[in-house]
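The values are calculated or read from the model by the stated rules, or taken from the named source; none is laboratory data. As the structure is a prediction and not an experimental result, all values here were calculated from the model. As a convention, Cβ positions derive from the backbone with ideal geometry for all residues, glycine included, and neighbour counts pool all protein chains shown.
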């Protein structure tokens, strides 16, 4: 239905243009609807393919949103562009970027995945000083709650659906597993990189990834469930809980019931479990889920990260698999995405041989 609506819009628009000698150069927008499509410009009248509202001329709004869907423009400094969803085109993803003054076509690229607040602008800003120092292009995708609701659409990348809770909403009582990889978020990261690489004619063939808290959950699952990617180093930072690559526990705590098996897992990838030393039982920032299954991983994030790493290493050894995953613990830092971002930038780009 969405595709038909979009197709109908373009057909009507093209017919109206061909039947008139006067070309309509007015930009159109949807009336404010509290969705990310509020910021998108359209080239003609019709229906918004995202919220289905009738588009109006841009000048009828008191403030122009100023962004055109899928128009990738990166000026020096901070900025924003909007692309459509990879699997569901009616959804949109806002990409907050920082392009340093010393940017060149040889600059490295890092995708920064926000926590549960989905605040890509703040996560982008946390990298600005280091981006200038190391000449790194920063891209931070923002997945709105409207289009990607709750933790199963984001932390779990859409791999479960139809979630049910107990009356207190403290634990899941049921869900279905979505084993269609095309519908998961993971494919967006290569797509975002390719869009920017082509636009800026970058020489980079790979990109780095950093995600904190919920973003860390996204990234360790990205390494497990989407091994065929263009990511180089994957820093999963201070995750609240983990999917351990074992067939002995049910998904999402383990792999049983999912499309993946322990034997399918690529332990040779450059996944770094990136933990704050003080993200322990004394840390009060952020929300931490507690269930018997999750508490078996540990009672705080530091313990759970160590558990994930050690269990993964044992599983790889049992399967006689090459194991390149690393554990890095950052001294004197708790659940603080800004300090972890600074540490991540130094880890990735200050070591000998890293691009500057």
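A few notes on this one:
- Test result for residue 148, surrounded by 15 or more Cβ atoms within 10 Å (Cβ to Cβ) and outside any loop (DSSP other than H, G, I, E, B): no
- Hits in segment 91-119 (condition: assigned to a strand (DSSP E or B) and either modelled with pLDDT of 95 or more or under 12 Å from the mean Cα position of the chain (by Cα) (or both)): 93, 94, 95, 96, 97, 98, 99, 109, 110, 111, 112, 113
- Among residues of segment 154-177 being in contact with a helix residue (DSSP H, G or I) (Cβ under 9 Å, 6 or more places away or on another chain) and either outside any loop (DSSP other than H, G, I, E, B) or free of Cβ contacts under 8 Å to residues at least 24 places away in the same chain (or both), the one that is surrounded by the fewest Cβ atoms within 10 Å (Cβ to Cβ) is 161.
- Residue in segment 132-140 that is under 21 Å from residue 343 (Cβ atoms) and part of a loop (DSSP other than H, G, I, E, B) present: yes
- Of all the criteria given as (1) modelled with pLDDT under 95; (2) assigned by TED's automatic domain parsing to the domain that holds residue 163, the one not satisfied by residue 53 is (2).
- The one condition in (1) at pLDDT 95 or above; (2) under 20 Å from residue 124 (Cβ atoms); (3) out of contact with any helix residue (DSSP H, G or I) (no Cβ under 6 Å at 6 or more places or on another chain) that residue 238 fails to fulfil: (3)
- Whichever residue in segment 76-90 is touching a strand residue (DSSP E or B) at 6+ places or on another chain (Cβ under 7 Å) and closer than 22 Å to residue 42 by Cβ and, among such residues, is surrounded by the most Cβ atoms within 10 Å (Cβ to Cβ): 81
- Those residues of segment 56-86 which are part of a loop (DSSP other than H, G, I, E, B) and modelled with pLDDT of 75 or more, in sequence order: 69, 70, 71, 72, 73, 74, 75, 76, 85, 86
- Condition check for residue 129 on (1) at pLDDT 95 or above; (2) closer than 30 Å to residue 292 by Cα: one failure, at (2).
- Among the residues of segment 120-135, just one is over 21 Å from the mean Cα position of the chain (by Cα) and buried (at least 21 other Cβ atoms within 10 Å of the Cβ), namely 134.
- Filtering segment 255-270 to residues that are within 23 Å of residue 113 (Cα to Cα), more than 21 Å from the chain's Cα centre (by Cα) and surrounded by fewer than 21 Cβ atoms within 10 Å (Cβ to Cβ) leaves only 268.
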